[in-house]
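Beneath this line is the structure, given in structure tokens, with notes to follow.
The values are calculated or read from the model by the stated rules, or taken from the named source; none is laboratory data. Note that this is a predicted model, so its numbers are computed, not measured. Because the Cβ atoms are built from the backbone with ideal geometry, glycine has one as well, and the counts that use them run over all protein chains shown. The protein model used for the area step is the full one, side chains on, heavy atoms only, and it has no ligands, DNA or RNA in it. Shrake-Rupley method; radii C 1.70, N 1.55, O 1.52, S 1.80 Å.
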Amino acid sequence: LLQGERKMATANSDSHRLGHVVGLPRTYVAVDDDRVEAFDEARFVASLRAGRAFGTTGPLLSVRLDEAGLGDLHAGGTGILHVAVEAAPWVPVAEWRAYVDGELVHRAPIEAGASASLPLVFPRDAFVTVEVEGPATGLYAEALPGFVPFAFTNPIYVDADGDGRWQAPGWPDRLPRTIRDPLGGD
């Protein structure tokens, strides 16, 4: 993304042995009509290719930058990031994190059923992503051993200069910690 490669992030199950949980993590793709009888493969694929999706091992996300949703282009140098989290009662949720151009810009507590807002300022075109995480405890840990309640979004692109297109930010002088050391042992 820093160099302009628009790859869509998805979550997938990778089970190879008996005893491994199948079907987790999952990718949720936004569609206009989610009724089974209204399924349209071409529209589904177009929505996924546009990045209107998030991956999860439990938490469900709704994320917008003002009116722009996942995969959309937000116009302007400022915006309010809106995050809402839902989860089954047995899926712990504890924290949400906001990233701009891969750099952590905000982290705060959140619980299932809650929402949060964050004002952001963009000196140049950028991209925004969100993560939500909780501890693997209780029934969640028993039902899904080896998993952690976690969800991530595809980016919302920011056209800060208002020219109608997104310009990739390019490599910074120092890569964000999330890229240098994604496991946090920096």
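Would you please classify the overall shape of the range 139-184 from the alpha carbon gyration tensor, given that a ≥ b ≥ c denote the square roots of the eigenvalues, rounded means a/c under 1.5, and beyond that prolate means a/b larger than b/c while oblate covers the rest?
Oblate.
Is the C-alpha gyration tensor of the chain telling us rounded, prolate or oblate? Criteria: a/c under 1.5 is rounded; beyond that, a/b larger than b/c is prolate, otherwise oblate. Verdict is prolate for the chain.
When restricted to Cα atoms, the range 108-186 yields an Rg and a Dmax of 16.9, 51 Å, respectively. Rolling a 1.4 Å probe over the protein chains gives Phe39 an accessible area of about 130 Å². Only Cα pairs under 8 Å and 6+ residues apart enter the sum, and on that basis the relative contact order of the range 56-186 stands at 31 percent. Taking a point 7 Å out from the Cα of Asp161 in the direction of its Cβ, the residues of the range 65-103 whose backbone N falls within less than 18 Å of it are 73-78, 101.
Provide Trp166, Trp90, Trp171 ordered by accessible surface of protein heavy atoms (probe 1.4 Å), highest first.
Ranking Trp166, Trp90, Trp171 by accessible area, largest first, yields Trp171, Trp90, Trp166.
Between Ala160 and Gly76, Asp125, Ala126, the built amide H atoms are under 5 Å apart, and every one of these is 5 or more places off in sequence or on another chain. When Ser13, Ser62 are compared by accessible area at a 1.4 angstrom probe, the order from most to least is Ser62, Ser13. Using the Karplus relation 6.51 cos²θ - 1.76 cosθ + 1.60 with θ = phi - 60°, the per-residue 3J(HN,Hα) values for the range 102-108 come to x, 9, 5, 10, 6, 9, 7 Hz, with x marking Gly and Pro.
Counting Lys +1, Arg +1, Asp -1, Glu -1, what net charge surrounds Arg97 among other residues with beta carbon under 10 Å of its beta carbon?
-2
Restricting attention to the chain, close to 95% of DSSP beta bridges with both partner residues there are antiparallel. Roughly how many percent of the accessible protein surface of the chain is carbon and sulfur, given a 1.4 Å probe and a whole-percent answer? The nonpolar share, carbon plus sulfur, comes to 53 percent.
Note on the chain: with a GNM built from Cα contacts shorter than 10 Å, the maximum mean-square fluctuation among Ala84, Ala143, Ala151 falls on Ala143. Solvent-accessible surface of the range 20-172, averaged per residue with a 1.4 angstrom probe and all protein chains in place: 51 square angstrom. Annotation: extensible slack from Val105 through His20 equals 27.1 nm (criterion: 0.36 nm per residue apart, minus Cα-Cα distance).
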